[in-house]
Amino acid sequence: MDHLKAKIRHVPDFPKKGILFYDITTLLSDARGFADTIDALAAPYMGEDIDQVVGIESRGFILGAAVANALGSGFIPIRKPGKLPSLTHKESYNLEYGTDALEIHQDACPTDHRILIVDDVLATGGTARAAIDLVRKVGGKVIGAAFLIELDFLNGRAKLEGEPVYSVLRY
């Protein structure tokens, strides 16, 4: 997967000083890199009867929708507060550089639907933990959480202990 890593731009001090941002727009703009990324994210879940893929705003929308298509599944967006038009559940969480919250429609999936959560980066684990908790609030069964990038040094996997986690690239 080194060819994927080579296409990811590193941006120092974004979104604030001291943060090294892994910009995947350079990877997504490359047709082969994008296709290989989606194949790598979807591969472990082929044949797992995933009903829906959840994508976390915003880069998780890009990856999650493409993975849902590859798996023949539906797609559910998890968004920042105030962006979904119907009744929602909300979950707050900590980031490596602040706090935030996510929302999901209360009727996002039928009870016991098999859900795969997809996002671009697993950092401190707060965003992923909030997404998992939201999916369970609406009755979904979390089959896994898949990430393009995992930042091992931030130990986000610890917040997801007991959850099935898969990462394509690890730093």
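The values are calculated or read from the model by the stated rules, or taken from the named source; none is laboratory data. Note that this is a predicted model, so its numbers are computed, not measured. Counting neighbours? That spans all protein chains shown, and the Cβs are built from the backbone with ideal geometry, glycine included.
A single member of Phe153, Phe147 is closer than 16 Å to Arg59 by Cβ and aromatic (Phe, Trp, Tyr), and it is Phe147. Restricting Ala146, Ala131, Ala66 to residues that are in a strand (DSSP E or B) and surrounded by 18 or more Cβ atoms within 10 Å (Cβ to Cβ) narrows the list to Ala146.
Somewhere in region 52-65, is a residue among the polar types (S, T, N, Q), in contact with a Ser or Thr (Cβ under 7 Å, 6 or more places away or on another chain) and either farther than 19 Å from Gly125 by Cβ or in contact (Cβ under 8 Å) with a residue 24 or more places away in the chain (or both)? Taking every residue of region 52-65 in turn, at least one turns out to be among the polar types (S, T, N, Q), in contact with a Ser or Thr (Cβ under 7 Å, 6 or more places away or on another chain) and either farther than 19 Å from Gly125 by Cβ or in contact (Cβ under 8 Å) with a residue 24 or more places away in the chain (or both). Within region 88-96, the presence of a residue that is in a loop (DSSP other than H, G, I, E, B) and over 25 Å from Leu169 (Cα atoms) is excluded.
Are any residues in region 152-171 in contact (Cβ under 8 Å) with a residue 60 or more places away in the chain and either closer than 21 Å to Glu48 by Cα or not in a strand (DSSP E or B) (or both), and if so, which ones? Correct list: Tyr166, Val168, Tyr171. Taken across region 77-87, residues that are farther than 24 Å from Gly47 by Cα, surrounded by 14 or more Cβ atoms within 10 Å (Cβ to Cβ), in contact (Cβ under 8 Å) with a residue 40 or more places away in the chain and among the basic types (Lys, Arg) do not occur at all.
Results for (1) modelled with pLDDT of 95 or more; (2) farther than 22 Å from Leu169 by Cβ, shown as yes or no for each residue.
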residue: Ile8; (1), (2): yes, no
residue: Ile19; (1), (2): no, no
residue: Arg32; (1), (2): yes, no
residue: Ala35; (1), (2): yes, no
residue: Met46; (1), (2): yes, no
residue: Ile56; (1), (2): yes, no
residue: Ser73; (1), (2): yes, yes
residue: Ser86; (1), (2): yes, yes
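Evaluating Asp112 against the criteria (1) among the charged types (D, E, K, R); (2) in a helix (DSSP H, G or I); (3) over 16 Å from the mean Cα position of the chain (by Cα) leaves one unmet condition, (2). Answer with yes or no whether Ser92 is closer than 13 Å to Ile132 by Cα, of a type in the set (S, T, N, Q) and touching a strand residue (DSSP E or B) at 6+ places or on another chain (Cβ under 9 Å). Judged against the criteria, Ser92 is a match.
Yes/no per residue for (1) under 24 Å from His3 (Cβ atoms); (2) out of contact with any strand residue (DSSP E or B) (no Cβ under 7 Å at 6 or more places or on another chain):
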residue	(1), (2)
Leu71	yes, no
Ile76	no, no
Pro85	no, yes
Glu103	no, no
Asp107	no, yes
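Taking every residue in region 15-35 that is without any contact (Cβ under 8 Å) to a residue 12 or more places away in the chain and pairing it with any residue that is surrounded by fewer than 10 Cβ atoms within 10 Å (Cβ to Cβ), at least 6 positions away or on another chain, the pairs with Cβ-Cβ distances below 7 Å are Leu20/Pro12.
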